[in-house]
Amino acid sequence: MVFNSISFAIFLPIVFLLYWFVSNKNRKIQNLLLLTSSYFFYACWDWRFLFLLIFSTALDFFTGSKMETAKTVASKKFWFWLSISINISFLGVFKYYNFFAESFADIMGNFGLQVNPFTLKVILPVGISFYTFHGLSYVIDIFKNRIKAEHDFIDYAVFVSFFPLLVAGPIERATHLLPQIKKERNFDYQKAVNGLKQILWGLFKKIVIADQCAQYANAIFDDYSNHSGSTLLLGAIFFSFQIYGDFSGYSDIALGTARLFGIELLRNFAFPYFSRDIAEFWRRWHISLSSWFRDYLYFPLGGSSGGTWMKIRNTFLIFLVSGFWHGANWTFIVWGLLNAIYIMPSIIFNTNRNHIDIVAKGNYLPSIREFFMMLSTFFLTVFAWIFFRSASLSDGFSFIKGIFSSSLFSIPSIHPLDLFILLLIFLTIEWLGRASQFAIENTFEKSSNFLRYGLYYLLLVAIFFYNSAGQQFIYFQF
Amino acid sequence: MANIKVFIKKVSFFLSIPIILVSIILAFTNRKVEKIISGLNKDQSIKMLFMGDSHIQKGIIDSLIPNSANVAQNSESFYFTYFKIKKLFKSGVKVKSIYLGYSYHSISNYYEDFIFGQNSKFIAPKYFFILPNKQKIKMFVSNRDNLGLFVLNIIKDGLNPYNYYIGQYANKFKNTKANKSSMDKRLELQYLDGLNEISAINCHYFNAILELCRQNEVQLVLVNTPLHPYYKAKIPSKFVGKYEELIKIGKLQVINFNDLKLEPNSFIPDGDHVSSEGAILTTNELYKILNKTIVK
């Protein structure tokens, strides 16, 4: 069941009505309803993996309790490492085993040794990277005595499996989400209205922007050897908007849906393409993952406390792991390393926190300097996305070689005018709403209802018009 | 609780406006279709109907044959033709004979994609209002992942001045020639993509058409429009065999133009359809046959 499907459009109102009308004022029944709905939602993908999800949830719940009641440090460590190793093993088997086996065979092959690795024919359980990270943060926080273990299994299971965030995040923290699950929830009209607006905007980003860009990006990437440099560059730009619309659209729908149930999830995107440098970009892109790595990897490794070399080493490590988290392919690793290289000057010269505020705050337009800073940051990310999208490293390098050919300055063979107009409208709305949580949160808020509702209807018509085939979200594969 | 009721009320009101608007457009479109059908009904001079897919749509110019109407549509499989004939009969349209387009591709399963598959959202909307309610629901279910586009196409087709719902002669190709690469692509789509089989659905509705015509005492004649020799030669034998078998079982009359000698400019690039020049030659030839044998 994807967010942009009719099934979800039926599922959501049913759960909403049951939640507020049938199980209202009974938090335990509400949570039970959320859990069963979430398991139903997940089972719609593949019911067999539901057992894996339940096992993973039960494991972290159990080891969490054991860590809390452990009488010795050694016992606490035992339960901690048991949970960590089983969680990582699941990820390793389902996501990385084949990659390591094949890479090992390739390396052996380079030394003239023929190895036929045993590979697994398994499909990746949807959302495994996300719910594993939920569980990991929970056990790490208990181990570090930041939180107490949860004693109500239903509440804990809702934290791991809450359907809006189950398959593609945001990656939640027990410190943020669990207290909300344990608290009485009352219907908040304004919150629900905001939720609906965010869902609408998310659907627009996914269906109108991402799916339309995908058509052209796929056509260009799949047949890159037959396109001019300018067309390839356009293809990379289309993919940049595709992945942004796709993933941030998903996050918007997730956040909006959670709000309908009175729950606030972590913000995942903050207009990343309006960043003035790469450090700012990474504070605005997939925020829940970046902050997860910062808190659970970067800081434990020493963070920036040990001098420049430690900062450099840790930054490289974070980006390497981040790339690897996205998928078992060298293309993701190169994508991660490329971003690490981009961010390095600001780490070395300590300028990584130069741009904390919103660009051109209070102004309609950015200054020329800001504009060029945003443009150059955008093109750096476009360049890195090429590896993210390519099927293999050699494809990625050939694609880049194709861009920097003499045909870079020719007229692209693909130039969809309607998509250019759509992107322009999209960027304008995003720019005007960049001070808000999501672009249309406050658009026309002080104007007449006619303008406000006109905008919502326009978005609805566009979603309706461009809706085709209930396309999957890219991040489901991670 | 009061808050949530206001919220639900407002959301319902917000959604009801487009729903009402779409319903009005759909009602208007439904009326338009009924009007077109009653137009056919009122025209007592029409004794012959040319029906089928793009082969007939592009190949038979009804204005050159008195007392006839071409009501063919591109990509119209026997499934849709069956319900179209049923609707026409139910609306009181009285004709003596139906000339149904019948070629080798008509029984290939590639057409099923246009009924219940990925292309249904583009083709099924043209027939939506002539389908019985049960089939309408089936169409909605088949297009559940593309519901927006499906409904939108129903509206778009309804607002289009072109006679989408019943069909008419249409051929935009003038003075074109068949070329091998287009013919190969066409053959690949219809017969050779490795998944192409005889379609059970198409065969079922072909027989249903036969039965429907018999029940209503309407003569059914099959028309196989010209094919380019290169294209014809590459059609796999299993399709040719099934094509002949259905004719034999149904004891049907066939007018076969496959081997009609035509000029090179008589075909469109895919070699599977005639150009407007080819349509004139085919229609003239058909008219000669009709004069000799059937229409007296």
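Quick note: the coordinates plus some simple rules give every number you see, no bench work behind them. In this text the structure is predicted, and so the values were computed from the model without any measurement. A quick note on method: Cβ atoms are made from the backbone with ideal geometry, for glycine too, and the neighbour counts reach across all protein chains shown.
In order along segment A:6-20, the phi-based Karplus estimate (6.51 cos²θ - 1.76 cosθ + 1.60, θ = phi - 60°) of 3J(HN,Hα) comes to 5, 4, 5, 5, 8, 4, 4, x, 5, 5, 4, 5, 4, 5, 8 Hz; Gly and Pro are listed as x.
Shown here for segment A:1-102: chymotrypsin sites (Phe, Trp or Tyr not before Pro) in loop regions (DSSP other than H, G, I, E, B) with at most 12 other Cβ atoms within 10 Å, namely A:W47. About its Cα centre, segment B:2-294 has a charge dipole of approximately 1040 debye under the convention of +1 per Lys or Arg Cβ and -1 per Asp or Glu Cβ, with nothing else charged.
Count the net charge of all other residues whose Cβ sits under 15 Å from the Cβ of A:A58, scoring Lys and Arg as +1 and Asp and Glu as -1. Local charge sum for A:A58: -3. Within the protein assembly as shown, antiparallel bridges make up roughly 10 percent of the DSSP beta bridges whose residues both belong there. Only helices enter the 222 nm calculation for chain B: every DSSP H run of n ≥ 4 contributes -39,500 (n - 2.57), and dividing by all residues gives -15500 deg cm²/dmol, rounded to 500. Computed over neighbours whose Cβ is under 12 Å from that of B:P125, the net charge equals +3, Lys and Arg +1, Asp and Glu -1. Using alpha-carbon positions, what is the distance between the centroids of segment B:1-69 and segment B:233-296, in Å? About 31 Å separates the Cα centre of segment B:1-69 from the one of segment B:233-296.
Phi-derived couplings, Karplus 6.51 cos²θ - 1.76 cosθ + 1.60 at θ = phi - 60°, listed residue by residue for segment A:363-376: 10, 6, 10, x, 6, 4, 5, 4, 4, 5, 5, 5, 4, 5 Hz, with x used for Gly and Pro. Sort out for me the Cα centre separation of segment A:122-171 from segment A:103-117, rounded to whole Å. Here the two parts' Cα centres lie 37 Å apart.
Roughly how many Å is it from the Cα centre of segment B:77-101 to that of segment A:274-350, as a whole number? Measuring centre to centre over Cα atoms gives 67 Å.
Computed over every Cα-Cα pair of segment A:6-185 and binned at 5 Å starting from 0, the pair-distance distribution P(r) comes out as 1, 8, 14, 17, 16, 14, 10, 8, 5, 3, 2, 1, 0, 0 percent. Close amide-amide hydrogen proximity is noted between B:N224 and B:Y102, B:I255, B:N256, B:F257, each under 5 Å apart and 5 or more residues distant or on a separate chain (H modeled in the peptide plane; Pro and chain starts excluded).
Among B:P236, B:P125, B:P18, the residue with the largest mean-square fluctuation in a Gaussian network model of chain B, with springs joining Cα atoms closer than 10 Å, is B:P18.
For peptide B:146-153, the mean count of partner chain Cβ atoms within 10 Å of a residue's Cβ comes to 5. Using C-alpha pairs below 8 Å separated by at least 6 residues, the relative contact order for segment A:6-185 is 31 percent.
Close amide-amide hydrogen proximity is noted between B:F50 and B:A69, B:N70, B:V71, B:Y99, each under 5 Å apart and 5 or more residues distant or on a separate chain (H modeled in the peptide plane; Pro and chain starts excluded).
Whole-Hz Karplus values for segment B:232-244 come out as 4, 5, 9, 6, x, 5, 5, 6, 5, x, 5, 4, 5 Hz, taken residue by residue from phi with 6.51 cos²θ - 1.76 cosθ + 1.60 and θ = phi - 60°; glycine and proline positions read x. Given a cut-off of under 8 Å on Cα pairs at least six residues apart, what relative contact order in percent is computed for segment A:15-121? For segment A:15-121, the relative contact order is 13 percent.
Charge tally for B:D157 (other residues, Cβ to Cβ under 11 Å; Lys, Arg +1; Asp, Glu -1): +3.
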